[in-house]
Amino acid sequence: MNILLRALIKFDDGLAKVEAGVLVLFVAVMAVVVFLQVFYRYVLTQPLHWSEELARYLFVWLSMFGASLAVQKRGHFGFDLLFQAFPRSIRWYMRLSTDLLMEAVVLVILVQGVTLVQKTVPQESPAMGISMGWAYACLPVGAALMALHLFVLLLKDATDR
């Protein structure tokens, strides 16, 4: 394994740690917001008008960061039983083609996500009054992170033959 690939893998692992930290932060903030929402609604009978919307946006961002981290860990659903039934030489081609196909899909999501963010920037969210571009930005950000993880996986898989 050459120096550049090792550096990329180290960067990828560091990025995954940052993503895990962001996930923990998002879950903690979402838990506090939902707790406050319930407390204010049922105990104080003064519901917070912004809490449900913030929790929803945090959940969507959390999902995209989680999906990205799952890509890095190869944690997404797969047909391992079918994959293992093939000879080792064919499995290498299958893994490489799967990586390439996933990379293509993620790049489409990235491009379309940027377009969607550009279209939604002028819109305001109903309760918080922030740009809807922030809510939809999770698509290109998550796709970019997934694309980066997939690129490193593709390089690792290509050299593992």
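Phe77 meets each of the listed conditions (1) surrounded by fewer than 12 Cβ atoms within 10 Å (Cβ to Cβ); (2) part of a helix (DSSP H, G or I) apart from (2). Residue count for the stretch 36-66 satisfying the condition of being in a loop (DSSP other than H, G, I, E, B) and within 14 Å of Ile130 (Cβ to Cβ): 2. The number of residues in the stretch 80-110 being among the β-branched types (Val, Ile, Thr) and either exposed (fewer than 12 other Cβ atoms within 10 Å of the Cβ) or in contact (Cβ under 8 Å) with a residue 24 or more places away in the chain (or both) comes to 4.
Kindly provide the set of residues from the stretch 33-85 that are among the charged types (D, E, K, R) and within 19 Å of Ala127 (Cβ to Cβ), ordered by number. Listed by number, the residues that qualify are Arg41, Glu52, Glu53, Arg56.
The rows are residues; the columns are (1) surrounded by 17 or more Cβ atoms within 10 Å (Cβ to Cβ); (2) touching a residue at least 12 places away in the same chain (Cβ under 8 Å); (3) of a type in the set (Asp, Glu).
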| position | (1), (2), (3) |
| --- | --- |
| Glu124 | no, no, yes |
| Ile130 | no, no, no |
| Trp134 | no, yes, no |
| Gly142 | yes, yes, no |
| Met146 | yes, yes, no |
| Phe151 | no, yes, no |
| Leu154 | yes, yes, no |
| Ala158 | no, yes, no |
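Sub-7 Å Cβ pairs linking a first residue in the stretch 8-25 that is over 12 Å from His149 (Cβ atoms) to a second residue that is surrounded by 11 or more Cβ atoms within 10 Å (Cβ to Cβ) and of a type in the set (Phe, Trp, Tyr), at least 6 apart or interchain, are Val22/Phe65; Leu23/Phe65, ordered by first then second residue.
Just so you know, all these numbers are worked out from the coordinates, no wet-lab data involved. Source: prediction; values computed, not measured. Here the Cβ is made from the backbone with ideal geometry for all residues, glycine too, and neighbour counts use every protein chain on show.
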